[in-house]
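Enquirer: If you scroll down you'll find the structure; I have some questions about it.
None of the figures in this text is laboratory data; all of them are computed from the coordinates on show. Everything numeric here is computed off the predicted structure, so don't read it as measured data. Cβ placement follows ideal geometry from the backbone for every residue including glycine, while neighbour counts extend to all protein chains displayed.
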Amino acid sequence: MAQPKLFEPIRIGDTTLANRIVIAPMCQYSAQDGEMNDWHLIHLGHLALSGAALLTIEATAVKPEGRITYGDVGLYNDATEAAMKRVLDGIRRWSDMPISVQLAHAGRKASCEVPWKGGAQLPPDHANGWQTEAPSAVAFLDSDNDPVALDADGLARIRDCFAEAARRADRLGLDAVQIHAAHGYLLHEFLSPISNRRDDEYGGSLENRMRFPLEIFDAVRAAFPSQKPVTVRVSGTDWVDGGWDGEQTVAFARALEARGCSAIHVSSGGTSPAQKIPVGPNYQVPLARQVKQAVSMPVVAVGLITEAEQAEAIVSTGDADMIAVARAVLYDPRWPWHVAAALGGQVKAPPQYLRSQPRQYSHLFLTD
């Protein structure tokens, strides 16, 4: 049987990945003061044994006010760096899977309760809340506290925070950095005319709305070693008339590629509660395809990709170069194993688990 496309290696910048399956960042809302703990070691540790090509740490705030919730992971001081190092050291003792971190700022969608306690935004005077900041003083929900519109000094501070977080990521030996410019968080808020109402050089035209996210990319790219990939996650559309859309995403992707972006991960939505998302299998794949047709860098598709043949079709037909899984791999932490078995591919498994290989899949596990 021919090797399935999904299990062929792929090069991202100067890094070669073993296959085309990426574990997407998934917030756990379980940190304390931005610091990782044993939950993150357990969560990420078992995913690092999954056979995927790349593991991405959840949205990691570059400053405390950039956290979605008080339980978010951060990488903004020595304590958060040390906590992440402890988790990474534990994982690397047993897995050589490349690990990336998603650097993020939640913008006007910050200062929220954790999802299992309702997820509502907490006011600045709440014990677990703070004042949010955004491109414009426009709240996400009418019931939310109005964010403070960032001035020039505020923008400069955030640029510096992204760059410093990238330097910390390199000190930790992380293999790649992903910049979060999706899901209605700060950088997406600058991109979308729904949330960006500025009348200076950072608002109005598409060129102006892309300016700050591109400045962030340049700052991170300059701070992170040139041989390591810097990628970007975007929302391909707001799913709202008059909002961010596919054509603007293509323009942004081309600008990123010209600056040395290593790959782009295409998700969608998050900027407006008025979004109307046609959720279903492959619902975001056309957004990835539109970008794939416009750029040369690798494109990652994501969103309700749950079946082996579905994932193989996305990469084998050229809709995207890679696929990302999130909820599917939470439900089934060995999802890449099962997909490889179904397609006739091979995955790396830890030696402690080699004897679990089913007899009918006698060539499933790669051995050194």
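Enquirer: How big is the antiparallel share of DSSP beta bridges in the chain, given as a percent to the nearest 5?
Expert: Of those bridges, close to 10 percent are antiparallel.
Enquirer: Which of the peptides 26-33, 341-348, 98-105, 360-367 is most tightly packed, and how do the rest follow, judged by the mean count of other Cβ atoms within 10 Å per residue?
Expert: 98-105, 341-348, 26-33, 360-367
Enquirer: Taking Cα atoms, how many degrees apart are the long axis of helix 152-171 and the longest axis of the chain, rounded to 10 and kept between 0 and 90?
Expert: That works out to roughly 20 degrees.
Enquirer: Next question, about the same structure. Karplus couplings for region 318-331 from phi (6.51 cos²θ - 1.76 cosθ + 1.60, θ = phi - 60°), rounded to Hz, Gly and Pro as x?
Expert: x, 5, 7, 8, 9, 10, 10, 10, 9, 4, 4, 7, 5, 5
Enquirer: Oh, and also: If I stretch the segment between residue 160 and residue 317 completely, what's the gain in nm (0.36 nm per residue apart, minus their alpha carbon distance), one decimal?
Expert: Length gained between residue 160 and residue 317: 52.5 nm.
Enquirer: What is the distance, in nm, between label points placed 7 Å from the Cα along the Cα-to-Cβ direction at residue 143 and at residue 294?
Expert: 3.6
Enquirer: Then there's this: Students often check this: by mean Cβ neighbours within 10 Å, which of 304-312, 146-154 ranks highest, and how do the rest follow?
Expert: Per-residue mean Cβ counts within 10 Å order the peptides as 304-312, 146-154.
Enquirer: Once every Cα of the chain carries one equal point scatterer and solvent is ignored, give the base-10 log of I(q)/I(0) from the Debye formula at q = 0.13 Å⁻¹, two decimals.
Expert: The calculated log intensity ratios at q = 0.13 Å⁻¹ are -1.01.
Enquirer: Would you calculate a helix-derived [θ] at 222 nm for the chain, using -39,500 (n - 2.57) for each DSSP H run of n ≥ 4 and dividing by the full residue count, to the nearest 500?
Expert: It comes out at -9500 deg cm²/dmol, rounded to the nearest 500.
Enquirer: What list of ³J(HN,Hα) values in whole Hz, one per residue of region 201-210 in order, does the Karplus curve 6.51 cos²θ - 1.76 cosθ + 1.60 (θ = phi - 60°) give from phi, with Gly and Pro shown as x?
Expert: 6, 9, x, x, 5, 4, 4, 5, 5, 7
Enquirer: Additional query: Over the chain, what relative contact order in percent results from Cα pairs under 8 Å that are six or more residues apart?
Expert: Contact order relative to length: 16 percent.
Enquirer: Among the aspartates and glutamates, which have Cα under 15 Å from the Cα of residue 276 when same-chain residues fewer than 8 positions away are ignored?
Expert: Straight-distance partners of residue 276: 238, 241, 245.
Enquirer: Ok, one more. Taking 0.36 nm per residue of sequence separation and subtracting the Cα-Cα distance, how much length would be gained by fully extending the chain between residue 361 and residue 77, in nm to one decimal?
Expert: In short, 97.6 nm is gained.
Enquirer: For residue 279 and residue 153, FRET efficiency with R0 = 35 Å and r from the beta-carbon atoms, rounded to 0.05?
Expert: Given R0 = 35 Å and the Cβ-Cβ separation, E is 0.30.
Enquirer: How high is the FRET efficiency between residue 2 and residue 93 when r is their beta carbon distance and R₀ equals 35 Å, given to the nearest 0.05?
Expert: Efficiency computed from Cβ-Cβ geometry: 0.45.
Enquirer: Per 0.36 nm of contour for each residue apart, how much would the distance between residue 126 and residue 32 grow if the chain were fully extended, relative to their Cα-Cα spacing?
Expert: That pair, residue 126 and residue 32, stretches by 32.2 nm at full extension.
Enquirer: Show which lysines lie in cross-link reach of residue 117 when reach means a straight Cα distance below 19 angstrom and same-chain residues fewer than eight apart are skipped.
Expert: 109
Enquirer: Under the rule a/c < 1.5 gives rounded, and otherwise a/b versus b/c splits prolate from oblate, where does region 61-121 land using the Cα gyration tensor?
Expert: prolate
Enquirer: Moving to a separate point now. Looking at region 232-368, I'd like the Rg to Rh ratio, where Rg is from alpha-carbon atoms and Rh is Kirkwood's inverse mean 1/r.
Expert: 1.06
Enquirer: While we're looking at this one, here's another question. May I ask you to evaluate 6.51 cos²θ - 1.76 cosθ + 1.60, the Karplus curve with θ = phi - 60°, for each residue of region 15-31 and list the ³J(HN,Hα) values in order in whole Hz, giving x for glycine and proline?
Expert: Per-residue couplings from phi come out as 10, 9, 9, 6, 8, 10, 9, 10, 8, 6, x, 9, 4, 10, 6, 10, 7 Hz.
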